[in-house]
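Read the structure below first, then the notes.
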């Protein structure tokens, strides 16, 4: 069992700092899963999780867009899609942010602003 970290700003924290931050979570997760499991499943969660920083993750060089990167990582991972650095990048993040906001407003049926159509854009445009 391991925790995979998709870090959009590798310069922000060293591997040692990441390890220190992840250690309590890596210890707590198996405990929680063990308490929620029944029977033989409980034995699957007897040791701390390990962690690793994924390589090749698109990097957020401009400040303030890490949340958009994070949401895009979650979306792409959930859909089994890659997130290549040339597609998910600072150059395209403004458009990605606008597209995500439009989709969120549409899904939550919030009214009051002009609805924009981004159907002509791909996942990374």
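Hey, does the range 26-43 have a residue that's in a helix (DSSP H, G or I) and closer than 29 Å to residue 88 by Cα?
Keep residues of the range 26-43 that are in a helix (DSSP H, G or I), which gives 26-36, 39-43.
Applying the additional criterion that residues be closer than 29 Å to residue 88 by Cα yields 26.
The answer is yes; a qualifying residue exists.
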Exercise. With the condition kept exactly as written, say whether any residue in the range 47-57 is at pLDDT below 90 and in contact with a strand residue (DSSP E or B) (Cβ under 6 Å, 6 or more places away or on another chain).
Key: yes
Quiz prompt | So residue 29, is it within 12 Å of the chain's Cα centre (by Cα) and either without any contact (Cβ under 8 Å) to a residue 40 or more places away in the chain or under 18 Å from residue 121 (Cβ atoms) (or both) | solution = no
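Mind listing whichever residues of the range 1-25 are over 12 Å from residue 52 (Cα atoms) and assigned to a loop (DSSP other than H, G, I, E, B)?
Filtering the range 1-25 for residues over 12 Å from residue 52 (Cα atoms) gives 8-14, 17, 20-21, 24-25.
If the condition is that a residue be over 12 Å from residue 52 (Cα atoms) and assigned to a loop (DSSP other than H, G, I, E, B), then 8, 9, 10, 11, 12, 13, 14 are the ones that fit.
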Quiz item: Here are some conditions: (1) exposed (fewer than 13 other Cβ atoms within 10 Å of the Cβ); (2) touching a helix residue (DSSP H, G or I) at 6+ places or on another chain (Cβ under 7 Å). Residue 40 meets all but one. Which one does it not meet?
Solution: (2)
Quiz prompt | Single unsatisfied condition, residue 54 versus (1) touching a residue at least 24 places away in the same chain (Cβ under 8 Å); (2) more than 28 Å from residue 23 (Cβ to Cβ); (3) exposed (fewer than 13 other Cβ atoms within 10 Å of the Cβ) | solution = (2)
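So that you can scan it fast, the table gives a plain yes or no per residue for (1) over 13 Å from the mean Cα position of the chain (by Cα); (2) outside the structural domain of residue 119 (by TED's automatic domain parsing); (3) farther than 30 Å from residue 117 by Cβ:
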| residue | (1), (2), (3) |
| --- | --- |
| 7 | no, yes, yes |
| 14 | yes, yes, yes |
| 22 | yes, yes, yes |
| 43 | yes, yes, yes |
| 79 | no, no, no |
| 87 | yes, no, no |
Quiz item: Inside the range 78-99, can you point out the residues that are in contact (Cβ under 8 Å) with a residue 24 or more places away in the chain and assigned to a helix (DSSP H, G or I)?
Solution: 90, 92, 93, 95, 96, 97, 99
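The values are calculated or read from the model by the stated rules, or taken from the named source; none is laboratory data. This is a predicted model, so every value here is computed, not measured. Backbone-built Cβ (ideal geometry, glycine too); neighbour counts: all protein chains shown.
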